[in-house]
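Novice: Below you'll find the structure I mean.
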Amino acid sequence: MNKKQGIIVVVSGPSGAGKGTVCKCLTDKNPGIFLSVSATSRQQAEGEIDGQTYYYLTEEDFKARIKNNEFLEWATYNGNYYGTLKEKVENQTAQGNDVILEIDVQGAMQIKKTYPHAVLVFILPPSWQELEKRLIDRNREDMEQIQKRLETARKEIPFADKYNYIIVNDDLETATKELESVITAEKVKAQSCKNIVEQFKNNI
Ligand code: 5GP
C-alpha cells in the first residue's frame, strides 16, 4: 500500500498560551509527528540548543537564504528574523511523517497560500488575564518585555478566525488530546487519501 504523504500542521498563538508545551507533549507521544526546527537571527538564550531549539544564523546568512529561496515562509518578529527551512519540512512529509510548524501568524498566512491543505491551529489561553498572569509567573523577562509580548498578542489574537481549529489551553492534557484529534481527523480526510483511492480504482 502507498504510504500517505505527511501533513503540515501550523500551530500559532500568543506567547504564554503554552503552544510550545502542547506541541512537545504531542510529539513526545507520537513518533510519526515531528516538530520543525526553525532558523532565527535572534540571540540564543540560556538552555537553548543549536539545531534543536532553533538553527541560529547571523542576520546576513538569514538574508542570503531568503534570496536563495530556502524558506517555506519567513517573518520578522520583535525585530528578529524567523523562518522555516523548506528542505527539512519537505523531506519529512515525503517520508510520510507529519510536521508541526510552530510559527507566528505572518508565517501561518504564507503557509496557507503555499500549501492550501496545511491545517492551521490557533492556541489560546483561557483568558486575557490568565495570559498576563502566565507571562509574569514564568519570571523570564522584565515588565517592559512582557508588555511588548502582550502588545504583540493583541495584534495576533484577531487572526485566530483565519485558522481551521482553535484550542483553548486550559488544561495541558486536554489541549494535547485535542491537537492529536485534529491531526488524526485531517489524516483520514478524503483529500489526504487520494492516492489510496487511485490505487483501488486501478485494481478493480
Ligand atoms: P521566540 O523568540 O519566543 O522563540 O519566538 C517568537 C515567535 O516567533 C513565536 O511566536 C514563534 O511562534 C515564532 N516563530 C518561531 N519560529 C518561526 C518561524 O520559523 N517562522 C515564523 N514565521 N515564526 C516563527
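None of the figures in this text is laboratory data; all of them are computed from the coordinates on show. These numbers come from a predicted model, not from an experiment. Cβ atoms come from the backbone with ideal geometry, glycine included; neighbour counts cover every protein chain shown.
Novice: Taking the options 157, 166, name whichever one is of a type in the set (A, V, I, L, M), surrounded by 12 or more Cβ atoms within 10 Å (Cβ to Cβ) and within 16 Å of residue 119 (Cβ to Cβ).
Specialist: Every option except 166 fails the conditions.
Novice: I would also like to ask the following. Would a scan of segment 130-148 turn up a residue that is in contact with a Cys (Cβ under 7 Å, 6 or more places away or on another chain) and within 16 Å of the ligand (Cβ to nearest atom)? Show your work before the answer.
Specialist: Keep residues of segment 130-148 that are in contact with a Cys (Cβ under 7 Å, 6 or more places away or on another chain), which gives none.
No: segment 130-148 contains no residue that is in contact with a Cys (Cβ under 7 Å, 6 or more places away or on another chain) and within 16 Å of the ligand (Cβ to nearest atom).
Novice: Which ones in segment 53-79 are within 12 Å of residue 39 (Cβ to Cβ) and in a loop (DSSP other than H, G, I, E, B)?
Specialist: If the condition is that a residue be within 12 Å of residue 39 (Cβ to Cβ) and in a loop (DSSP other than H, G, I, E, B), then 53, 57, 58, 70 are the ones that fit.
Novice: Moving on to the next point. Looking for something in contact with an Asp or Glu (Cβ under 8 Å, 6 or more places away or on another chain), of a type in the set (Ser, Thr, Tyr) and over 14 Å from residue 11 (Cα atoms) - is there at least one such residue anywhere in segment 173-183? Give the derivation first.
Specialist: Taking segment 173-183 and keeping what is in contact with an Asp or Glu (Cβ under 8 Å, 6 or more places away or on another chain), we get 183.
From what is left, the residues that are of a type in the set (Ser, Thr, Tyr) are none.
No, segment 173-183 contains no residue that is in contact with an Asp or Glu (Cβ under 8 Å, 6 or more places away or on another chain), of a type in the set (Ser, Thr, Tyr) and over 14 Å from residue 11 (Cα atoms).
Novice: Here's a follow-up. Filter segment 16-44 for residues that are under 18 Å from residue 83 (Cβ atoms) and in a loop (DSSP other than H, G, I, E, B); which is nearest to the ligand (Cβ to nearest atom)?
Specialist: 38
Novice: Right, here's the next one. For segment 135-145, check the following and say yes or no: at least one residue is in contact (Cβ under 8 Å) with a residue 40 or more places away in the chain and under 23 Å from the mean Cα position of the chain (by Cα). Working first, answer last.
Specialist: Of all residues in segment 135-145, those in contact (Cβ under 8 Å) with a residue 40 or more places away in the chain come to 135, 138.
In the following step, the residues that additionally are under 23 Å from the mean Cα position of the chain (by Cα) were identified as 135, 138.
So far as segment 135-145 goes, yes, one or more of its residues are in contact (Cβ under 8 Å) with a residue 40 or more places away in the chain and under 23 Å from the mean Cα position of the chain (by Cα).
Residue-by-condition table, conditions (1) over 18 Å from the mean Cα position of the chain (by Cα); (2) within 21 Å of residue 13 (Cα to Cα):
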| residue | (1), (2) |
| --- | --- |
| 39 | no, yes |
| 47 | yes, no |
| 56 | no, no |
| 69 | yes, no |
